[in-house]
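Notes follow the structure.
The values are calculated or read from the model by the stated rules, or taken from the named source; none is laboratory data. Note that the structure is a prediction, hence the values are computed from the model and not measured. Neighbour counts are summed over all protein chains in view; Cβ atoms, including those assigned to glycine, are modelled from backbone coordinates with ideal geometry.
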Amino acid sequence: MQPSRITAKEAASIGKALGDPSRMNLYTYIASNKELFCGQICEYQALSGATISHHLRVLQQAGLISSKRGGQFIYYRAVPQRLKDYCDYLSTLRRPSRARTSPKAMK
């Protein structure tokens, strides 16, 4: 198995970003489209512009979305590799064996 492309700290940041239902909804919407500008995102989500901006910033800091300026608009798109890396990281986590966690083993 190859080493994870993300660190535990990065995985925690992604988990926190996607742990909020509004951010998860925004991420899903952005990921299902090639590219969206902020106005399109605001039309989709019934939140204030400031709240959407905050959520977009958290998603961007976690590396789940990227942005680029095009004229007067800022365009957002998902970074699918980042989510894949996160899933790969989670798949490396293992439960402890039953022998180590069973009450009999603790005596």
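What to note about this one:
- Each residue in the stretch 29-66 was checked for being in contact with a Phe, Trp or Tyr (Cβ under 8 Å, 6 or more places away or on another chain) and over 22 Å from ALA11 (Cβ atoms), and 9 pass.
- Evaluated against (1) part of a loop (DSSP other than H, G, I, E, B); (2) under 17 Å from ILE6 (Cα atoms); (3) not basic (Lys, Arg), LEU59 falls short on exactly one condition, (1).
- All positions within the stretch 3-61 that are among the hydroxyl-bearing types (Ser, Thr, Tyr) and without any contact (Cβ under 8 Å) to a residue 40 or more places away in the chain: THR7, SER22, THR28, TYR29, SER32, TYR44, SER48, THR51, SER53
- Condition broken by TYR29, with the remaining ones in (1) touching a strand residue (DSSP E or B) at 6+ places or on another chain (Cβ under 9 Å); (2) assigned to a helix (DSSP H, G or I); (3) modelled with pLDDT of 90 or more; (4) surrounded by fewer than 16 Cβ atoms within 10 Å (Cβ to Cβ) satisfied: (4)
- Restricting the first member to the stretch 66-90 and to residues that are of a type in the set (Gly, Ala, Ser), and the second to residues that are in a loop (DSSP other than H, G, I, E, B) and at pLDDT 95 or above, the beta-carbon pairs closer than 7 Å and six or more apart or on different chains are SER66/VAL79; ALA78/LEU64.
- Taking the listed residues GLN2, GLN40, the one that is part of a helix (DSSP H, G or I), over 17 Å from the mean Cα position of the chain (by Cα) and either of a type in the set (Asp, Glu) or at pLDDT below 95 (or both) is GLN40, with no other qualifying.
- Of all the listed residues (LYS16, LYS9), the sole one being exposed (fewer than 10 other Cβ atoms within 10 Å of the Cβ) and either assigned to a helix (DSSP H, G or I) or basic (Lys, Arg) (or both) is LYS9.
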